[in-house]
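Nothing in this text is a laboratory measurement; each read-out follows from the coordinates by a stated rule. From a predicted model like this one, the values you see are computed outputs, not experimental measurements. Don't worry about glycine lacking a Cβ; one is built from the backbone with ideal geometry, like all the others, and counts go over all protein chains shown.
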Amino acid sequence: MTHRPILLIDRRPMWCFFASLTAARHSRQAVTRSSPITAYTIAIAEELSSQFSRFVTLNPHQLTGHVANLGFWSDEVAHCLNVIDQYTTRFARMAEAQRQYVTHHRTLEFELDDKWGETAKAPPRPRHVSDQERSSTRFRLCDSYYRFLVRCYSVTFIDEARLRKECERHSIGVDARDLMRK
């Protein structure tokens, strides 16, 4: 039996989409618009922050291994801060490329349970991470890294000069009260 396309979507016959939608309906991996998806920008910064938060709770013999890799961790912080700071530029490029593709290919989106194409509409713009969310994520990352550095300083694994150098690299202020060793 030959299938005749009802409507072209993205230059492919609609029945191709219905076949894939039927499979997606039965898959546990089907993603819907309402599924919460954390943006990469936020996810990597939160993961790094959680690592630093864990590091400050370690015993000195465990902490020393991370101090040995302080250059690596500092580079990771620099990378995450750059990803956060450059987000707006990357998002604008991505959104424009998607808009052009949707326009050029007349792409339509359907609800998964739509058998007849009644819910056809142009895909929405991608979700933008708010300035506030990026700013608070940036703050949490810097704060957790600072707490890690202070912990390293307090157990004398790094000196004040190294702490200040790391903080300066990432534009993190140093509180003099944190430099008083107990």
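Some points to look at:
- Per-residue Karplus couplings for the range 55-65, computed as 6.51 cos²θ - 1.76 cosθ + 1.60 with θ equal to phi - 60°, are listed in order as 4, 5, 8, 6, 5, x, 5, 7, 5, 4, x Hz, Gly and Pro entered as x.
- For Ser171 and Met94, a Förster radius of 25 Å and the Cβ-Cβ distance give a FRET efficiency of 0.40, rounded to the nearest 0.05.
- Once the gyration tensor of the Cα atoms in the range 95-182 is diagonalised, the equivalent ellipsoid follows with semi-axes of 52, 14, 10 Å, ordered largest first.
- Other-chain or far-sequence residues with amide H under 5 Å of Glu109's (modelled H): Lys121, Ala122
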